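Enquirer: Structure below; questions to follow.
The values are calculated or read from the model by the stated rules, or taken from the named source; none is laboratory data. Please read these numbers as outputs of a predicted model, since none were measured by experiment. No Cβ is skipped: glycine too gets one built from the backbone with ideal geometry, and neighbour counts run over all protein chains shown. The accessibility values were calculated without ligands, DNA or RNA, using every heavy atom of the protein model including side chains. Shrake-Rupley method; radii C 1.70, N 1.55, O 1.52, S 1.80 Å.
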Amino acid sequence: MMRYVAHRLVHLIPVLFGVSVFVFIGMHLVPGDVAQLLLGEKGTEADLARMRHQLGLDQPLYVQYARFLGGALQGDFGTSIRTKQSAMWEIAQALPITIELSLVALLFAIVVGLVIGVVAARRPHSVTDTVAMIGVLVGVSMPIFWTGILLLLVFGGLLGWLPLGGMVDDGMTVHRITGMSLVDGLLTGNLPLVQSSLRHLVLPAIALGATSMATIARMSRSTMLEVLGLDYVRTARAKGVSEPRVVRRHALRNALLPVVTLIGLQLGLLLSGAVLTETIFALPGLGRLAVTSVLARDYPVVQGIVVIAAAIFVLANLAVDMLYAYLDPRIRYG
C-alpha cells in the first residue's frame, strides 16, 4: 500500500506542473493590461512602463513562469497585485471556509443520496421509487446558482428561518484556530458559535451539494438494484436473514464501490461550484476570492488557487483509491 501511495504522489508532480503551465498561460491570454487596470485612465505611458517593470510584466513569459514556479516550489505564489499581501496568506485565509462548506455539502450529498438510493432500490417501480427519481431528476437539472437564489428567497427572505449570508451572526467573537468557524466552535466549546455556524451553512451546503446528492442517489439506486439481484443476496434471504440485515451487511458494502468512485469525482464539482455558492451567500472563501482575483487580473492569487485546488482534487482521489481496499478486501495495491 505504501509503495502505491508513494507512486501516486510522484505522479502528482507532472499533474501540478501541467496545471501551473495551463493557468499561467491562460491568465496571460486574458485581454487587458494589469498596469492600466491599476493606474486607471490617467496613467501615462511612463507610469505604465514603470508599473509593468515593478510587476515583472515586461519580462519574457518564460522568465515570469520560471520565477513563479521557483516561488511555488517553496510555497510562495508571490504578492497579490490587488492587496499587496502575500498571495499564499490570502489563500490561507479563504481556504478553510471553502473546505468547511465543501465537507458539509459532501456530507449532505452522501447521507441524503445514499438514503434515497437505497430506499428507492428496495421498492423498485413503486410510488416511492418514482417520487424519489423525479426529485433526483430535478436536483440534477437545477443549476447551482438558481438553487442558491431560490433557497435564499424562500428560507432566508420569505420565511426568515435562516440567515441570508455570511459565516456567523454579526458581533459574534470567533477564536480562530483552524479558520473553520464550526470546527473552531467545537474545539473551544463555544456552543453559540457552533449553532450560528450550522445555521449559516445549511442553505449554501444544500445549494452546493444538491447536484452531487442527486447523482449519488441515482448511482446508489442502480448499484443496489444490481447487487440485490445477485445469488449470495438471494441465499441470505433464503436462510431467513432479515431484510434490513441483508441490505446493511450483504448488499450495501458491495454496492458502495462505484458510489465511492463517484464521490471522489464530486469533490471537483464541489470546488468549482463553490465559486457561485460563495458569491451568492457572501462567504469569503476560495471561490469568491477566485472571482475577485480574476476580475482584478491578480495573477499570483489566481495561479495559487488553481494549483492548490488541483492538489486537493488529486489527493482526494488518492484517498478514494485507498478506501477501495477497505470496502473490498480482494483489492490489493502493489
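Enquirer: Any idea which of Ala72, Ala120 is buried (at least 18 other Cβ atoms within 10 Å of the Cβ) and closer than 30 Å to Arg234 by Cβ?
Expert: On the way: Ala72 fails: closer than 30 Å to Arg234 by Cβ.
The unique qualifying residue is Ala120.
Enquirer: Need pairs with beta-carbon distance below 9 Å; first residue under 12 Å from Met88 (Cα atoms) and of a type in the set (Gly, Ala, Ser) and within segment 294-311, second open to solvent by less than 30 Å² (accessible area, probe 1.4 Å) and outside any helix (DSSP H, G or I); sequence gap 6+ or separate chains.
Expert: Gly304/Phe77; Gly304/Gly78
Enquirer: Look through Thr173, Thr261, Thr211, Thr178 and report the one residue that is among the β-branched types (Val, Ile, Thr) and farther than 26 Å from Ala309 by Cα.
Expert: Details: Thr261 fails: farther than 26 Å from Ala309 by Cα; Thr211 fails: farther than 26 Å from Ala309 by Cα; Thr178 fails: farther than 26 Å from Ala309 by Cα.
After ruling out the rest, the residue left standing is Thr173.
Enquirer: Okay, moving on. Return the pairs, sorted by first residue and then second, in which the second residue is outside any helix (DSSP H, G or I) and β-branched (Val, Ile, Thr), the first residue lies in segment 76-94 and is free of Cβ contacts under 8 Å to residues at least 12 places away in the same chain, the beta carbons are less than 8 Å apart, and the residues are 6+ apart or on different chains.
Expert: Matching pairs, first to second residue: Gln85/Thr79; Ser86/Thr79.
Enquirer: Could you look through segment 170-203, keep only residues that are under 22 Å from the mean Cα position of the chain (by Cα) and of a type in the set (Val, Ile, Thr), and pick out the one that is most open to solvent (accessible area, probe 1.4 Å)?
Expert: The extreme case among them is Ile177.
Enquirer: Hey, among Met167, Met133, which residue is open to solvent by 20 Å² or more (accessible area, probe 1.4 Å) and within 22 Å of Ile280 (Cα to Cα)? Give the derivation first.
Expert: Numbers: Met133 fails: within 22 Å of Ile280 (Cα to Cα).
Going through Met167, Met133 in turn, just one is open to solvent by 20 Å² or more (accessible area, probe 1.4 Å) and within 22 Å of Ile280 (Cα to Cα): Met167.
Enquirer: Do any residues in segment 114-134 that are closer than 22 Å to Thr261 by Cβ have Cβ atoms under 8 Å from those of residues that are in a helix (DSSP H, G or I) and open to solvent by 80 Å² or more (accessible area, probe 1.4 Å), where the two are at least six apart or on different chains, and which pairs are they?
Expert: Listed by first residue and then by second, the contacts come to Gly117/Arg218; Met133/Arg218.
Enquirer: So which residues in segment 221-236 are of a type outside the set (Lys, Arg) and either open to solvent by less than 60 Å² (accessible area, probe 1.4 Å) or within 20 Å of Val115 (Cβ to Cβ) (or both)?
Expert: The initial filter retains those residues of segment 221-236 that are of a type outside the set (Lys, Arg), namely 222-233, 235-236.
Once the filter is applied, which keeps residues that are of a type outside the set (Lys, Arg) and either open to solvent by less than 60 Å² (accessible area, probe 1.4 Å) or within 20 Å of Val115 (Cβ to Cβ) (or both), segment 221-236 yields Ser222, Thr223, Met224, Leu225, Glu226, Val227, Leu228, Gly229, Val233, Ala236.
Enquirer: Sticking with this one: In segment 120-160, which residues are within 26 Å of the chain's Cα centre (by Cα) and not aliphatic (A, V, I, L, M)?
Expert: So in segment 120-160, the residues within 26 Å of the chain's Cα centre (by Cα) come out as 132-156.
If the condition is that a residue be within 26 Å of the chain's Cα centre (by Cα) and not aliphatic (A, V, I, L, M), then Gly135, Gly139, Ser141, Pro143, Phe145, Trp146, Thr147, Gly148, Phe155, Gly156 are the ones that fit.
Enquirer: When you scan segment 207-218, do you find a residue that is open to solvent by 40 Å² or more (accessible area, probe 1.4 Å), without any contact (Cβ under 8 Å) to a residue 60 or more places away in the chain and either among the small types (Gly, Ala, Ser) or closer than 21 Å to Trp146 by Cβ (or both), even just one?
Expert: Looking for residues that are open to solvent by 40 Å² or more (accessible area, probe 1.4 Å), without any contact (Cβ under 8 Å) to a residue 60 or more places away in the chain and either among the small types (Gly, Ala, Ser) or closer than 21 Å to Trp146 by Cβ (or both), one finds none in segment 207-218, hence no.
Enquirer: Could you tell me which residue of segment 78-108 is farthest from Gly148 (Cα to Cα), considering only residues that are of a type in the set (D, E, K, R) and modelled with pLDDT of 85 or more?
Expert: Residues of segment 78-108 that are of a type in the set (D, E, K, R), as a first pass: 82, 84, 90, 100.
So of that shortlist, the ones also modelled with pLDDT of 85 or more come out as 90, 100.
On the way: Glu90: 26, Glu100: 17 Å.
Ranking the candidates gives Glu90 first.
Enquirer: Within segment 251-334, which helices (runs of 4 or more DSSP H) (wholly inside it) include 1 or more residues that are at pLDDT 75 or above, crowded, with 19+ Cβ neighbours inside 10 Å and in contact with a strand residue (DSSP E or B) (Cβ under 8 Å, 6 or more places away or on another chain)? Give the steps one after another, and end with the answer.
Expert: Values: elements: 252-280, 286-295, 299-327.
It comes to 299-327.
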